[in-house]
Every structure is written in structure tokens, then in C-alpha cells.
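Peer 1: Sharing a structure here in C-alpha cells format.
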Amino acid sequence: KLPARRRALPCHTAAMPNPLLLLPDFLLILLGWVLCRRTSLDRPVWDAAERLVYYLLFPVLLFNSIVKTPLQPQQTSRLVLAGIGTTVCGIALAYALRLWPRVDARLHASGAQIVFRSNSYIALALSERLGGSQGLAWMALVIALTVPITNVAAVLPLARHGGQSYLREVARNPLILGTLAGIAANIAGLHFPEAVATTLQRIGLAALPLGLMAVGAGLKLGGLKASPSLAVALLALRHAALPAIAIGLAAALALPPEQRTIVVLFGALPTASSTYVLAARMGGDAGFVAGLVTVSTVLGAVSIPFWLALQAMLPF
């Protein structure tokens, strides 16, 4: 339980996150790369691990996180609106890159999702540090309501590129199904016996390290060379445009300082590690996406403290 003095502090006065906070995530990616290329745990092992993460671990993590989060729509409507608005703007900007001349359709379909999908594990850890249990609950709510939007937006280009049915791919996407099931269970007030809840929690906890190592295992050092200009554009949108949009929406909606910090943190996050898993499972360019995820994770160590410090200095 947080000390009373810390609970009374607004989020924007809390200590800015240490850049080294993201180092464990990057080290897990590096570990996956080493294990895949320097040990007997080679590509076939990680193909099976990717399927496990995609079809079980990540859906269970999303479901369990959402079930345990009080939604409180009356107190958080503007916060949710800012989070959804940031997400929708990211989707629009990412899709607009397809209009650039000589953009490879497969690379764009694979990489567009890194602009608007966020690393929810880093989000939840930092929101708790900045805002305590209330900040954690707010971030979980934003994630719960934006994940269906981002997953649909990520699936559509990949399904179109692969000649697959949009509706079929969306309807059977385990990340979307896990999210929707969690929201339904939350609204219904579903509670599990302690043994079941503990089992779900432990399954979900396995998603982060294994997912990040799967990113490293799929990493090709030359993956970004397939389209350096597209990679730069996608990363610029992720780490420059989206945080700026989040600050603007938070100001326009007159969010209180605590919620404003959560929205800006949400906009400044590195992309989700599951972007690689989705690209790999739907026939996208997994190497290109793995490179984007790795660079985005490194950039997040700089962009998160920068944007949080900037919004704390602004007069509104």
C-alpha cells in the first residue's frame, strides 16, 4: 500500500521513469536472439513458442487484466476519449503512409501496427509507479478499451494483403477474443475461485518474457534494410507524433493533471511486442517488424521521460 504522502501527490510531480527501466525488456529480446542462433533452441522451437504466446498466453493476460480492472465510466469518460482519440489518430497516420510512392504493400501491412499498438506491460508498470493503484487502474482501462480497436486495425491490412477475409480474421483473432471476453466478464461481475484466478495470473505472467524472447528469436539484423525510409517514418509517428497528439488531446479535454500524465505516457510508449507475433502468424514480414519492435523499445527509454517531462512543464 502506498504511503499517504505519495498518494496525495499528483501524477505529474512523481519522479520521471529511469531510462534503465526498459533495459530488462531489451535484454530479453537479446536473450531470444542468442538462444535462437547460438544454442540448440533454434527456429522450430521458437515457431512453437510464437504459437503458444499468440493463442494462449497473450489472450489470457489481456482477459485477466481486464477482468480485474474497475471500469468506472462516469469518472473516466474524458480519459478514455483522449486514449481512444490518440489511438485513432495513430491508425489514420499509419494507414496514410500507404499512400507514399513506392511503399512496399507487404512491409506496410506488417509494420503499420507498430504506430498504434502499445506495450501494455511497460504501460502498466510505469503507470503504477507514477500514479499508484489509481494510475494503474486508469491505464488498464485505457488499454482495455483501445486493444480491440488496435487489434482490428492491425489485422485488416495483413488480412487484405494475404487475401484473407477481414471478418473471419477479426472474429477468430485470439487477442481480440481475449479482450472482448474480459470486458464481458468485467461487466457481468464475474469472479473466479482463488485457484482459477491464480492459474490465470501465472499463465499471463509468462506472456511477457516469452513474447519478448520470441521477438529476439525472430530478429534479423538486416530486417530494417528492406525499407529504411518506411521504418524511420513509422518510428517517427510512434515516438514523436503520437505523444504530441496525446498532449494536445489531454489539453483540449481539460484532463486533471493525474489523468493527463496517464494519457501522455500511453502516447509515448514503445510498440507492443505482440506486433511481431501477429505479423509472423499472418504471413507478414516478421523480420522487419522484429527490427521495428527492438528499435522502438530502445527509443522508448528516451521518449517516455522526455514527453512526460515536457507535459509537466507545460502551463495547461
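The values are calculated or read from the model by the stated rules, or taken from the named source; none is laboratory data. In this text the structure is predicted, and so the values were computed from the model without any measurement. Virtual Cβ from ideal backbone geometry, glycine too; neighbours counted across all protein chains shown. When the accessible area is computed, the model is the full protein with side chains, heavy atoms only, and any ligands, DNA or RNA have been set aside. Shrake-Rupley method; radii C 1.70, N 1.55, O 1.52, S 1.80 Å.
Peer 1: Out of the residues in the stretch 273-282 that are modelled with pLDDT under 85 and part of a helix (DSSP H, G or I), state the one that is surrounded by the most Cβ atoms within 10 Å (Cβ to Cβ).
Peer 2: TYR276
Peer 1: Sticking with this one: Any chance you could count how many residues in the stretch 226-252 are open to solvent by 40 Å² or more (accessible area, probe 1.4 Å), in contact with a helix residue (DSSP H, G or I) (Cβ under 6 Å, 6 or more places away or on another chain) and at pLDDT below 95?
Peer 2: Residues in the stretch 226-252 being open to solvent by 40 Å² or more (accessible area, probe 1.4 Å), in contact with a helix residue (DSSP H, G or I) (Cβ under 6 Å, 6 or more places away or on another chain) and at pLDDT below 95: 1 in total.
Peer 1: Report yes if ALA184 is part of a helix (DSSP H, G or I) and surrounded by fewer than 24 Cβ atoms within 10 Å (Cβ to Cβ), otherwise no.
Peer 2: yes
Peer 1: Sort out which residues of the stretch 108-137 are among the hydroxyl-bearing types (Ser, Thr, Tyr) and under 10 Å from the mean Cα position of the chain (by Cα), and write them in order of number.
Peer 2: Listed by number, the residues that qualify are SER118, SER120, TYR121.
Peer 1: While we're looking at this one, here's another question. For the stretch 283-316, name all the residues that are among the aromatic types (Phe, Trp, Tyr) and either in a helix (DSSP H, G or I) or open to solvent by less than 20 Å² (accessible area, probe 1.4 Å) (or both).
Peer 2: PHE288, PHE306, TRP307
Peer 1: Being open to solvent by 30 Å² or more (accessible area, probe 1.4 Å), at pLDDT below 85 and on the phi < 0 side of the Ramachandran plot is true for just one of LEU99, LEU141, LEU136, LEU130. Which residue is that?
Peer 2: Of the residues listed, the single one that is open to solvent by 30 Å² or more (accessible area, probe 1.4 Å), at pLDDT below 85 and on the phi < 0 side of the Ramachandran plot is LEU136.
So that you can scan it fast, the table gives a plain yes or no per residue for (1) in contact with a Cys (Cβ under 7 Å, 6 or more places away or on another chain); (2) modelled with pLDDT of 80 or more; (3) surrounded by fewer than 17 Cβ atoms within 10 Å (Cβ to Cβ):
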position	(1), (2), (3)
CYS11	no, no, no
ASN18	no, no, yes
LEU28	no, yes, no
ARG38	no, yes, yes
TRP46	yes, yes, no
